[in-house]
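The values are calculated or read from the model by the stated rules, or taken from the named source; none is laboratory data. The shown structure was predicted, so the numbers you read here are calculated from the model rather than taken from an experiment. All Cβ positions, even for glycine, are placed from backbone atoms using ideal geometry, and neighbour counts span all protein chains on display. Ligands, DNA and RNA are excluded from the accessible area calculation, which covers all protein heavy atoms including side chains. Shrake-Rupley method; radii C 1.70, N 1.55, O 1.52, S 1.80 Å.
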Amino acid sequence: MSFQKSLSRAKMWCYAMGQLGWAALSGIVGSWLVYFYQPDDAALKEGMKIFVPQGRIFFGALTIIGMITAAGRIFDAVTDPLVGNWSDNCHSRLGRRIPFLRAAAVPLGLATLLIFFPPVQRLSGMNSAWLFVFVILYYFLITCYSTPYTSLLAELAHTQEEKLKISTCISLTYIVGIALGYTAPIIWGGFASQGMERTSAIKAAFAILCAVATVCMLIPAFTINEREYSQIESSENTMLASLLKTFANKDFRIFVMQDAIYFLALTMFQTGLPFFVTSLLQLPEQYASQIFIALTATSLLFYPLINFLARKFGKKKVVLAAFAFFFVDFLFTGFCGKNIPIPNGAQAALIVALGAFPIAAFGILPQAMVADIAQHENASTGENRTGMFFAARTFAFKLGQSAAMIVFTSLATISSANALGYRIVAAAASACCALGALILSFFNERKILGK
């Protein structure tokens, strides 16, 4: 692939703002969808309403929320290769990726907001149908934005140094975006303190956050001229042919397997964090926001170290170390509360301390690893299928996220009186980290970078 010029630092941050936008929306849905529609006793006492049937009503094991969110993620995963192929084959004068960013940003922000506006303000089957429709729409639209967006990374970055710089920028904006989603309780708490009904306060908070996220997503769509940085080489493969060629790459298969398992673990932990805080640590729900913000801020301290270690030892070894930290962190969380003879606030601080390094590592390096694989394939075969590589990656990790929603919503209901289910969730996330590290150990990074 030939190119005309390198991305300036200012343009890198313009690009990264798009990540902040869709990450914020992802944080809202990933962190608060279950909380909103499957509230625990503490949330009900605070004034939450029940909008959809609760409990394990499918085969005695699966919940309404688990089935709907899993269906949305599976649909999302299936459409990833489709959108990736559309993007690779796009012949627009604006490039292959930017047209998708412009078209998807505003509908995505609106669909995210409408998830939390059930039409009936009480328990109703109509709310379940509403939720299903808008969850499916949300996942389709976030694919239409995020798959072309991430595909741009390999095309905007022309050297390993540029790749790490851009990956670092979008990692920062990703965790800031997720953290922005976690500020929702602070915002709705402010509205509630002024007398607003609780669910209305929550909706108002989400409306503000969705508006901010939409503006952020529009920034790269209208500030980056894709054709200035890469020579557009549209692919002519069909979706199936491109997907099969992509998964024929052995090292890519290894990468996506460990990536899917990592997102299985992370999604279970992320979804469970508000419950870990209220049910295990017996702390106010606002602590969930504080923990995630603290994780974000502390992880920033490791950014220079991650870049240094990746250049010195390779990305693979750093990610393996990150798996080890998460293994310990998630396992510790499963024992939190009265089982550990230190104050609960100190336990929360330890969760932050153990999680900061892996948050930074997983934020920066996997995107760069996919770009490495895509560029290696391009050099080996002469075919530019960058969009499909990133789409196939998201296809795989979203399957992991889908499984996580089913597993979490089912395990969390075990012995709800003593919160045993939440402890099992944390232990399961820890075990997934061990399995992910084992799979990643077979990844041949030396061959990829050597090409």
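Can you tell me which residue among 171, 193 is under 30 Å from residue 301 (Cβ atoms) and either crowded, with 23+ Cβ neighbours inside 10 Å or of a type in the set (S, T, N, Q) (or both)?
Checking each option against the conditions leaves just 171.
Restricting attention to segment 334-355, does a residue exist that is of a type outside the set (Asp, Glu) and closer than 28 Å to residue 253 by Cα? Yes: one or more hits. Taking the criterion of being β-branched (Val, Ile, Thr), within 21 Å of residue 52 (Cβ to Cβ) and either open to solvent by less than 40 Å² (accessible area, probe 1.4 Å) or not in a helix (DSSP H, G or I) (or both), the only residue of segment 394-409 that qualifies is 409.
Quick grid of which residues meet (1) touching a residue at least 12 places away in the same chain (Cβ under 8 Å); (2) closer than 19 Å to residue 116 by Cβ; (3) outside any helix (DSSP H, G or I):
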residue: 133; (1), (2), (3): no, yes, no
residue: 137; (1), (2), (3): yes, yes, no
residue: 151; (1), (2), (3): yes, no, no
residue: 162; (1), (2), (3): yes, no, no
residue: 165; (1), (2), (3): yes, no, no
residue: 173; (1), (2), (3): yes, no, no
residue: 187; (1), (2), (3): yes, yes, no
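The residue list 212, 176 contains one member that is modelled with pLDDT of 95 or more, open to solvent by 50 Å² or more (accessible area, probe 1.4 Å) and not basic (Lys, Arg), which is 212.
Among the residues of segment 1-17, those identified as open to solvent by 30 Å² or more (accessible area, probe 1.4 Å) and either modelled with pLDDT under 90 or under 26 Å from residue 276 (Cα atoms) (or both) are 1, 2, 3, 4, 5, 6, 8, 9, 10, 11.
Condition check for residue 324 on (1) without any contact (Cβ under 8 Å) to a residue 60 or more places away in the chain; (2) within 27 Å of residue 419 (Cβ to Cβ); (3) open to solvent by 20 Å² or more (accessible area, probe 1.4 Å); (4) under 23 Å from the mean Cα position of the chain (by Cα): one failure, at (1). Of the residues making up segment 44-81, just one is surrounded by fewer than 22 Cβ atoms within 10 Å (Cβ to Cβ), basic (Lys, Arg) and at pLDDT below 75, namely 56.
Only one of the numbered conditions (1) modelled with pLDDT under 90; (2) farther than 27 Å from residue 70 by Cα; (3) open to solvent by less than 30 Å² (accessible area, probe 1.4 Å) is violated by residue 412, and that is (2).
Only a single criterion out of (1) hydrophobic (A, V, I, L, M, F, W, C); (2) part of a loop (DSSP other than H, G, I, E, B); (3) open to solvent by 50 Å² or more (accessible area, probe 1.4 Å) is not satisfied by residue 340, namely (3). Restrict the check to segment 82-103 and report whether at least one residue is under 18 Å from residue 367 (Cβ atoms) and open to solvent by 20 Å² or more (accessible area, probe 1.4 Å). For segment 82-103, residues under 18 Å from residue 367 (Cβ atoms) and open to solvent by 20 Å² or more (accessible area, probe 1.4 Å): present.
Restricting attention to segment 18-43, report how many residues are out of contact with any Pro (no Cβ under 6 Å at 6 or more places or on another chain), assigned to a helix (DSSP H, G or I) and modelled with pLDDT of 75 or more. Outline the logic, then answer.
Within segment 18-43, the first condition is being out of contact with any Pro (no Cβ under 6 Å at 6 or more places or on another chain), and the residues that meet it are 19-34, 36-43.
Imposing the further condition that a residue be assigned to a helix (DSSP H, G or I) reduces the set to 19-34, 36-37, 41-43.
Keeping just the survivors that are modelled with pLDDT of 75 or more gives 19-34, 36-37.
Within segment 18-43, residues that are out of contact with any Pro (no Cβ under 6 Å at 6 or more places or on another chain), assigned to a helix (DSSP H, G or I) and modelled with pLDDT of 75 or more number 18.
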